[in-house]
Amino acid sequence: MKIAFIGLGNMGGGMAANLVKAGHEVRAFDLSETALAAAREAGCATFTTAHEACSGAEAVVSMLPNGAIVKQVYWDEVIGHAPEGAILLDCSTIDVATAREVISVTEAHGFQTVDAPVSGGIAAANGGTLTFMVGGSDEAFARAQPILAAMGKAVIHAGGPGTGQAAKICNNMLLAIHMIGTCEAFAMADKLGLDAQTFYDISSVSSGQCWSMTSYCPVPGVGPVTPADNGYQGGFAAGLMLKDLKLAMEAAEGAGATVALGAHAKAIYEAFAAENAATDFSGIIRTL
Ligand code: NAD
């Protein structure tokens, strides 16, 4: 299949390479020459504009920094250039309202469109083991599914337009809350004279157990190997967690949802990311 891929950054680069490995003809575009060179190395054809990449494509995948850029790319580069009837898949993490607007405007121009944000970081993007949460009609999901399956280990239909983004921000809000809670528990255990490994051995098989503890332990040398064992480098940057928490708070306000802990988690990550945006989000333990 001819697939245009727009946004070949940390995530998009590996995803485009996996589409090539699955046998697709990938027509790639990014503003960065370095990203384009890496895409060529991975077997993509590269173009000097996004609309050239889109012309003749049966599908368009985008992996871009934010909603304003996603809109600009779809309005100026996709509509009027990609063939009518193409399936459009935006995998960026953006706000729910923009995701819904992109779907309704592009579908009014004869496309089928899904929001398909991902869970999993750069390693999962490179390894083809992302989880995709997909919002859109049943028909659009059926067309998007095999394309996403070439880049991930799970492709889940969340519901109608925008529900992929809703799933993503609700999940990441919960992740921020239990990471902060896990860090607080380890820091307090330490102050009470309880050894971190012993606390892990007890809590990981007790009712405090959660993913932040057993899969992404914020204490070096305890539990599986995580960014904590690498000076909190790599992994999921605090700045990106803050981006997702801001999107979550915006969505909560729009929907009238009560998110007291989510709002508190956002404030905590805001203070942390001001100095440590590139640090893994589990590095929050250093501030406790
Ligand atoms: P990135 O900054 O590494 O990549 C974004 C790419 O988009 C860059 O290469 C940039 O040059 C390109 N770009 C910007 N404007 C463009 C335009 N108008 N046309 C074409 N290309 C353009 O970011 P990333 O880490 O790859 O993240 C991409 C998306 O994935 C974001 O929405 C992010 O929130 C989400 N995400 C990231 C991670 C992660 O761990 N990095 C995990 C899950 C989701």
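Could you give me the ³J(HN,Hα) list for region 154-159, computed from phi with Karplus coefficients 6.51, -1.76, 1.60 and θ = phi - 60°, whole Hz, x at Gly and Pro?
Residue by residue, region 154-159 yields 8, 10, 10, 7, 7, x Hz.
Kirkwood hydrodynamic radius, computed over distinct alpha-carbon pairs, for region 167-286: how many Å, to one decimal?
Result for region 167-286 stands at 14.6 Å.
If I ignore ligands, DNA and RNA and count only protein heavy atoms, how much of H157 is accessible to a 1.4 Å probe, in Å² to the nearest 10?
Approximately 60 Å² of H157 is accessible to the 1.4 Å probe.
Using a Gaussian network for the chain with springs between C-alpha atoms less than 10 Å apart, which of these wobbles most: N18, N276, N230?
N230
Run the accessible area of the chain with a 1.4 Å probe and give the carbon-and-sulfur part as a rounded percent.
Whole-percent figure for carbon plus sulfur exposure: 57.
Output wanted: per-residue J couplings in Hz (rounded whole) for region 96-108, from phi through Karplus 6.51 cos²θ - 1.76 cosθ + 1.60, θ = phi - 60°, x for Gly and Pro.
4, 4, 5, 4, 5, 5, 4, 5, 5, 5, 5, 5, 5
In Å², what does the accessible area per residue of the chain work out to with a 1.4 Å probe? Please report the intermediate quantities before stating the final value.
Details: 12430 Å² over 288 residues.
Computed with neighbouring chains in place, this is 43 Å² per residue.
Relative contact order of the chain, please, whole-number percent, based on alpha carbon pairs below 8 angstrom and at least 6 residues apart.
Numbers: 567 pairs, mean separation 37.3, N = 288.
The value is 13 percent.
Antiparallel versus total DSSP beta bridges in the chain: what percent is that, nearest 5?
15
Based on Cα coordinates alone, diagonalise the gyration tensor for the chain, multiply each eigenvalue by 5, take square roots, and list the semi-axes in whole Å, largest first.
On the way: eigenvalues 266, 82, 51 Å².
Each semi-axis is the square root of five times an eigenvalue, giving 36, 20, 16 Å.
Per-residue HN-Hα couplings for region 240-246, Karplus 6.51 cos²θ - 1.76 cosθ + 1.60 at θ = phi - 60°, whole Hz, x for Gly and Pro?
Using θ = phi - 60°, the values come out as 6, 4, 4, 4, 5, 5, 5 Hz.
Taking amide hydrogens as modeled 1.01 Å from N in the peptide plane, which residues meet the under 5 Å criterion relative to V61, leaving out close sequence neighbours?
Amide H neighbours of V61, under 5 Å, 5+ apart: A4, F5, I6, L89.
The values are calculated or read from the model by the stated rules, or taken from the named source; none is laboratory data. Source: prediction; values computed, not measured. In case anyone asks, the SASA skips ligands and DNA or RNA and just uses the protein heavy atoms, side chains included. Shrake-Rupley method; radii C 1.70, N 1.55, O 1.52, S 1.80 Å.
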